[in-house]
Amino acid sequence: MELNVVGRPMGRIEGAEKVGGKTIYTADVQLPRMIWGKSLRSPLAHARILRVDATKARKVKGVLAVITGEDLPPFRVGLSLQDIPILAQGKVRFVGEKVAAVAAEEPDAAEEALSLIQVDYEELPSVFDPKKAMEPNAILIHEELSSYKGHHQTPENIPNVFALQAWSAGDLSSGFKEADVVLEHTFCTQPAHQAYIEPHSAVVAVDDSERIEVWASCKSPFRLKEHLSQQLNIPKERIRVHIIAVGGDFGGKGSSMDIPVCYYLARVTRCPVKMVMTYAEELMAGDPRHPSIVKLKTGVKRDGRVTAREAEVIFDSGAYAAFKPGEVPNLGGATHATGVYRIPNYAIRSYGVYTNSVPCGYYRAPGQPQVVFAVESHMDLIARELGMDPLELRLRNLLGDGDVLPGGRSVDKVRVRETLEAVTRAVGWGRPKFGKKVGRGIGVSFRHVGGGGEAAAEISTLPEGKVMLLSAVPDIGTGTHTVLKQIAAEVLTISPDDVQVVIGDTESFEVDAAPGGSKITNMSGHAVVAAAEEMREKLKSVAASLLGCRADEVKLNHGRFSVGKGSKSAVSFAEVARHAAGKNGGLRVRKNYKVKVRSAVAGFVAQVAEVEVDKETGVLNVRRIVTAHDVGTIINPLGHQGQIEGGVVQGLGYATMEEVATENGKVVTLNLGDYRIPCVKDIPALKTVLVKDDLSGPGPFSAKHIGENGIVATAAAIANALDDAVGVRIFDLPLTAEKIYFALKDVRREA
């Protein structure tokens with residue numbers, strides 16, 4: 001397949017405006033008469049609200065409104081399970097829950113008013129450990145759970161469990177009997193924030209006819225419109241959500257967050273209201289990655305063949321489950337408890353559990369980094385027990401074409417072996433390591449391309465001889481609009497400079513896709529392909545009228561419509577587009593695309609980390625990470641590589657330093673100085689190996705996804721490298737120097 005635009009490195013079309021400070025984010029939106037909204041948050045993790053007195057707050061100069069839960073209807077909101085009130089009603093369930101909200105002419109006045117609101121609480125017992133929350137005598141965090149919209153009764157009545165999923169195959173008992181060795185380990189992971197640059201923010205305006213306009217750092221404008229309509233009882237036709245730049249998402253910008261509060265303040269004051277969360281609020285009340293407890297029990301033969309696995313995965317959802325979409329509001333990552341391995345007998349149980357902690361949501365590859373950390377660490381421990389090379393153990397158990405995964409999906413055109421062998425060749429697996437206390441570790445995983453929802457695209461001709469591509473998909477920092485521009489240009493055989501990208505809003509289409517789950521290039525890309533192909537055929541008819549021939553005789557190549565040979569038998573794309581644009585308002589093609597059947601083709605990732613450990617201090621230095629990816633056609637190599645490296649660096653942070661730390665439910669890492677993320681000095685040498693396949697990807701031009709694969713196996717690779725370097729196994733993330741130091745002391749003591 002000869003491609004001219006797809007596969008060419010291309011700078012981001014919004015790049016110049018971003019680096020020039022011209023991009024408009026939600027916090028930059030300015031409207032006439034706009035005022036500021038602020039929220040009062042609970043200082044207690046679990047308490048009954050006895051009284052809220054806002055008398056003094058309402059007297060502050062510049063304050064236009066103060067609202068509490070008592071002023072609002074008993075609506076609960078959520079992406080799937082609607083369990084979170086707009087403002088706390090009756091009681092609070094975590095430190096940081098919104099109790100009241102103020103609208104004022106200036107932020108300082110709003111802050112002063114918040115300080116004057118008096119709230120009387122009756123403190124209740126709290127539970128922060130999900131295992132304790134599941135005990136028979138545990139306090140209930142949501143006594144009325146069964147009445148919530150979106151709740152599905154779990155098969156077992158376990159306290160504080162709102163979701164229970166199970167997958168199994170074969171005969172587990174027989175599988176363990178067949179095994180020569182049975183090993184059992186438990187792994188724990190921490191809450192981690194997405195650490196996007198732009199915090200959650202919203203602007204809501206309500207006019208005299210009750211029409212609502214929303215600007216928000218939310219990646220799913222059409223879903224937001226649908227939920228505001230359904231959950232706040234607002235006619236859908238009265239809501240317009242504007243598409244605006246989103247300053248980073250990584251899964252965390254899919255919820256309504258402060259938008260309902262903003263709406264009620266705007267409705268009361270009849271002024272547009274802006275709310276921007278501080279980073280302290282983000283860390284105490286955002287929607288971080290779920291902490292988890294993953295217990296694995298595996299049976300294996302002496303030759304390394306895995307015969308059985310039992311897995312229990314507990315995701316600590318915090319005080320609410322509202323930030324999770326899907327019919328069952330849990331994390332799909334639990335299905336990765338069998339890893340990339342063919343295990344004939346398995347049983348997996350996954351729990352979503354309430355605690356009095358920060359409510360958790362989606363973060364890049366939801367649930368998978370937690371489970372893959374456990375699975376790949378567990379595989380190394382099995383290899384050590386068998387006296388086998390960790391690479392050899394993996395190679396003996398890999399998935400193959402036609403294997404069925406937990407959940408019932410099959411895999412086809414499996415390239416995990418090639419990917420694993422590529423990364424180990426690149427790193428020199430088995431060769432001597434240079435330096436003291438140096439170790440290497442492997443992590444392997446995969447993801448399928450995402451689906452869900454419906455994508456839309458429109459292409460129209462312009463008088464200047466170009467085309468316009470209309471999309472209502474927000475760019476969350478991934479270069480989506482650049483990729484769509486390249487796809488349209490490729491189909492129409494023109495330069496990307498001749499494709500003008502225009503961003504619409506929820507008035508532009510009935511529906512459009514939302515970024516997430518590695519699906520946008522696939523879904524929106526296919527919608528663009530369909531629109532561009534139909535536009536190409538329509539333009540052929542126009543060209544035929546200019547060339548004096550039939551439309552089926554016309555060919556389009558390199559931006560020229562031609563029939564036969566010779567310069568007189570050809571006409572430029574620009575001339576045809578200009579001609580088309582001048583007739584009856586021009587040509588316009590609109591197409592929708594919906595994934596009917598999810599592809600069985602997955603994209604595999606294999607990573608090797610090389611680390612060095614100071615045995616005196618426990619300091620872990622990650623020297624290099626080599627990551628190999630099973631890829632199809634790469635639309636934009638620059639963006640593709642950026643996604644890989646960004647994911648690996650996030651995985652590095654998750655593995656070694658990032659943690660939303662709490663004491664009795666109160667977050668103590670309330671700024672990006674205390675909540676550490678990797679900086680340039682922390683980043684090791686990074687090398688990428690691309691394993692090209694037979695163009696089996698489900699995306700446009702046989703592309704595969706890349707957005708989430710980079711992060712999923714990194715923590716496991718680093719943990720395994722640590723063990724290889726100094727012989728200590730850390731079972732809970734992050735892998736801090738303190739944990740390593742005390743683990744080394746224990747090893748010395750035992751020796």
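Structural remarks
- Rounded to the nearest 0.05, the FRET efficiency derived from the C-beta distance between Asn233 and Glu327 at R0 = 25 Å is 0.65.
- Per-residue HN-Hα couplings for region 34-48 [Karplus 6.51, -1.76, 1.60; θ = phi - 60°; Hz; x = Gly/Pro]: 5, 10, 10, x, 9, 10, 8, 10, 5, x, 10, 7, 7, 7, 8
- Taking Lys and Arg as +1 and Asp and Glu as -1, the other residues whose beta-carbon sits under 15 Å from that of Glu537 total +4.
- Normalised contact order of the chain, rounded percent, pairs of Cα under 8 Å and 6 or more residues apart: 15
- Backbone HN-Hα couplings from phi across region 314-330 [Karplus 6.51/-1.76/1.60, Hz, Gly and Pro as x]: 10, 9, 7, 7, x, 6, 9, 10, 5, 8, 10, x, x, 4, 9, x, 10
- Lysine pairs within region 18-105, Cα separation less than 28 Å, 8 or more sequence positions apart or different chains: 12
- Of Lys295/Lys681; Lys131/Lys666; Lys295/Lys704; Lys295/Lys745, pairs whose Cα-Cα distance is over 24 Å: Lys295/Lys681; Lys295/Lys704; Lys295/Lys745
- The string of couplings for region 448-459 from the Karplus curve (6.51, -1.76, 1.60, θ = phi - 60°) is 8, 5, x, x, x, x, 9, 9, 9, 7, 9, 10 Hz, one whole number per residue in order, with x for Gly and Pro.
- Relative contact order (%) - criterion: Cα under 8 Å, at least six apart; region: region 452-593: 36
- From most to least packed by mean Cβ count within 10 Å, the peptides 220-230, 367-377 give 367-377, 220-230.
- Extending 7 Å from the Cα toward the beta-carbon at both Lys22 and Arg58 defines two label points whose distance is 4.8 nm.
- The label point for Arg676 and the one for Arg425, both projected 7 Å from the Cα toward the Cβ, are 3.7 nm apart.
- Rg/Rh for region 138-189, where both radii come from Cα atoms and Rh is the Kirkwood radius: 1.15
- Three principal axis lengths of the chain [C-alpha, angstrom, descending]: 89, 73, 48
- Near the amide H of Asp412, within less than 5 Å, lie the amide hydrogens of Gly402, Val601, Ala602, all on another chain or at least 5 residues away, with H placed in the peptide plane.
- Among beta bridges from DSSP that stay inside the chain, the antiparallel ones total about 75%.
- Taking region 452-593 as the region of interest, the number of lysine pairs whose Cα atoms are within less than 16 Å, with members eight or more places apart or on different chains, is 12.
- Here the peptides 639-648, 594-603 are ranked by packing, the mean other Cβ count within 10 Å, and the order with the highest first is 639-648, 594-603.
- Length-normalised contact order of region 90-170 in % [C-alpha pairs under 8 Å, at least 6 apart]: 19
Taken together, the values in this text are just the output of simple stated rules run on the coordinates, not laboratory data. Since the structure is predicted, the reported quantities are computational estimates derived from the model, not experimental observations. So basically every Cβ, Gly included, is an ideal-geometry build from the backbone, and we count neighbours across all protein chains shown.
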